[in-house]
Structure formats: structure tokens, C-alpha cells
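No value in this document is a laboratory result; all are computed from the given coordinates. Just so we're clear, the structure is a prediction, and the values are computed from it rather than from any experiment. All Cβ positions, even for glycine, are placed from backbone atoms using ideal geometry, and neighbour counts span all protein chains on display.
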Amino acid sequence: MGNAGLHDQRLALEWVKEYISLFGGNPNRVTVMGESAGGGSIVHQLAAYGGNDNRGQGDLPFQQAIIQSPGWYTQSVEQQKSSLRDFLELLNVTSVEEARQLPSDQLITANAYQIATTSIYGTFTYGPVVDNSFITDLPSRLLLDPNFKWKNVRVMTSHATNEGLTFTPPVGVNSSAFQSIIQTYVPGLAPETVDRIAQDWYPPVYNASSSETLGYSSPLERTSTLMSDAFFQCKNLYLDTVFDTSYASVFSVPPGLHAQDVAFNFYDHSQPDAELGIFNESLALTMQDYLLTFVKQGFPSSTEINTTDWEQYAKDGS
């Protein structure tokens with residue numbers, strides 16, 4: 001079934017809403033948190049059923065969301081059909097119904113092989129799709145629609161400074177590959193659009209000053225910046241634009257890679273050797289303060305020394 005994982009999430013969220021009071025919780029104060037695919041899942045939950053829950057089951061099962069580096073790869077219908085054909089071929093069957101009769105270990109093996117050999121670097125083969133049922137259109141269109149119902153959800157958003165590097169294909173070191181990378185990740189773009197992206201938005205200019213003005217000074221950094229903008233930062237931008245109350249941030253601890261902030265979010269002082277890369281305990285405690293106070297009171301604040309008052313994201317983009 002299309003978007004089976006999103007349906008599972010929805011069932012779990014609705015269970016929490018219905019029964020959280022039995023655990024001392026408030027069903028009207030539920031906060032969800034997700035990073036990367038988890039953040040992308042939250043965006044799809046907000047966009048579910050056209051962004052207004054037209055099943056008639058009332059409000060969203062949550063009222064606040066912490067969305068960090070939300071990521072997913074939008075697949076065309078043909079890409080989805082191709083993945084299905086390849087999966088069935090690996091199993092030596094001709095239909096989903098036949099596949100369901102096979103042992104789980106065969107399905108898991110075929111699944112793992114297909115992900116490991118995906119032709120599009122960093123996309124993981126599977127992901128949310130527009131199924132005209134749970135997800136009726138691209139989340140960006142649904143959330144930006146004037147009739148989007150959940151604008152009152154309070155959100156915290158974030159992304160890292162060097163988010164795209166992890167998902168940049170190795171061929172990105174070559175400036176000549178830039179246009180083909182665009183066409184691979186966003187198939188169907190008109191040639192003039194590809195040219196505009198490559199020449200006007202991300203021109204092949206590599207010098208000492210371009211790092212400040214353009215955000216890159218080498219072909220690899222250029223490709224990484226494109227990946228970061230297209231698959232992470234633009235999502236944060238429309239989230240911050242959509243919601244009435246939004247708190248936006250950028251994780252800039254070097255090297256600022258995707259998911260590097262997770263170690264700060266869940267820092268445990270009893271396990272000091274668990275961190276990776278550059279780490280700052282004071283910053284981790286401040287971040288945790290911000291997150292927890294947002295959950296409890298609806299806005300982030302911190303009692304740590306020398307912290308900054310976190311202002312709401314302004315509609316002028318500041």
C-alpha cells in the first residue's frame with residue numbers, strides 16, 4: 001500500500017491523542033519531533049488528507065511540531081512504477097499479491113538490495129508519494145494553499161549549514177556534471193530552466209569572494225549548496241512562512257553536516273563519550289532547554305548562561 005509507513009505513524013499519533021490522558025498527559029498539548037526523514041514525516045502528516053483532514057475525524061493528533069532538517073525525495077509516477085517493477089523482478093513474482101505470500105526474509109533481502117543499488121545517489125529508493133488518498137498533492141502546494149487548515153500549529157524548524165554534502169554524488173566534484181545532476185534529481189525540467197539554475201542561480205564562479213556571495217568556492221561546494229537548498233532549506237523556508245508561530249534556527253557547529261545536531265538534542269551527560277565530531281556540552285544543554293520549554297510552554301527559552309532570547313520567525317524573513 002502506498003505510504004504504508006505514514007499510515008502507521010498516523011495510527012500511532014491518533015492512539016496517543018486518545019489515550020495520553022491515562023498516562024497523565026494532555027491530548028491538547030501533544031508535540032511531535034522529527035529529524036531528516038522524521039521531519040519529512042511530520043510535514044506529510046500536516047499535509048495528510050489535503051491539509052484539512054477531510055475524513056471528518058476532527059483536528060490533528062498533535063498541536064506542536066519540532067521539525068529538524070526535513071528531508072524526502074519526491075518521486076515521479078514513473079519512478080515509483082520502475083521501483084515496483086524492479087522489486088517484483090528481484091522476488092521473481094509478477095504482482096504485489098504474489099509478493100505478500102513470500103517469507104519475510106526474502107522481502108527484506110530484496111528491499112535491502114534495491115536500496116543499496118539505487119541509481120540516484122542518496123535517495124534510498126523508497127519514500128512518501130502522492131497517492132491521491134493520504135497525500136493528495138505535493139506537501140509544499142498543500143501547506144502553501146490559502147485553505148490549509150493547520151496554520152495554528154506551533155513549530156520549531158532548523159537545518160544545518162552544510163546539510164547537502166552528505167547527499168551530494170561524487171561526480172559533483174566536476175563542474176561539467178552540474179546540469180546533469182539537476183536533471184537526474186529533478187527529471188522533467190525544461191532545458192531553459194536547467195540552464196537558468198546552472199548559470200543564473202548557481203553560476204560556475206569559483207574564487208575567494210564567491211564563498212561569501214554565492215556560498216561556494218569549488219564545484220563540490222556548488223553542488224552541495226544546490227542539494228542543501230533544494231532538499232532542505234527550501235522546505236524550512238515554506239514551513240516558516242506557512243505557520244502563524246514559528247521559531248527558526250540554523251545549526252552551525254562545524255562542519256554542520258546533516259544529523260550532526262542529533263547528538264546535541266539527545267546529549268546524556270552520563271555517556272560523555274557518545275558524541276561525534278566537534279561537541280560543546282553547554283550548547284547541548286542550551287538546545288535541550290529550548291526544546292523542552294517549547295514542548296512545555298509553546299515557546300523556546302533557556303536558563304543557561306549567555307543564551308539568546310529566541311524571537312518568532314518574522315514574515316519578512318528575519
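At-a-glance table
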{"quantity": "Packing rank of 59-72, 134-147, 20-33, where each peptide gets the mean count of other beta carbons within 10 Å, highest leading", "calculated": "59-72, 134-147, 20-33"}
{"quantity": "Label point 7 Å beyond Cα of E89 along Cβ direction - residues of the range 96-113 with amide nitrogen under 20 Å", "calculated": "96-100, 106-113"}
{"quantity": "Whole-number D in µm²/s for the range 210-310 (Stokes-Einstein; Kirkwood sum over Cα pairs; 20 °C, 1.002 mPa s)", "calculated": "136 µm²/s"}
{"quantity": "Cα-centred dipole magnitude for the range 77-161, charges only on beta-carbon of K, R (+1) and D, E (-1), debye, nearest 20", "calculated": "520 debye"}
{"quantity": "The chain, relative contact order [Cα under 8 Å, separation at least 6], %", "calculated": "18 percent"}
{"quantity": "Estimated [θ] at 222 nm from DSSP helical runs (n ≥ 4, -39500 (n - 2.57)) normalised by residues in the chain, nearest 500", "calculated": "-11500 deg cm²/dmol"}
{"quantity": "Full-extension gain in nm, D195 to S119, via 0.36 nm per residue minus C-alpha separation", "calculated": "25.0 nm"}
{"quantity": "The chain - Rg over Rh from alpha carbon coordinates, Kirkwood radius", "calculated": "0.97"}
{"quantity": "Rounded Å value of the spacing that divides the Cα centres of the range 190-237 and the range 1-78", "calculated": "32 Å"}
{"quantity": "Members of K17/K151; K151/K315; K17/K149; K17/K315; K17/K235; K17/K296 lying beyond 21 Å, as alpha-carbon distances in this model show", "calculated": "K17/K315; K17/K235"}
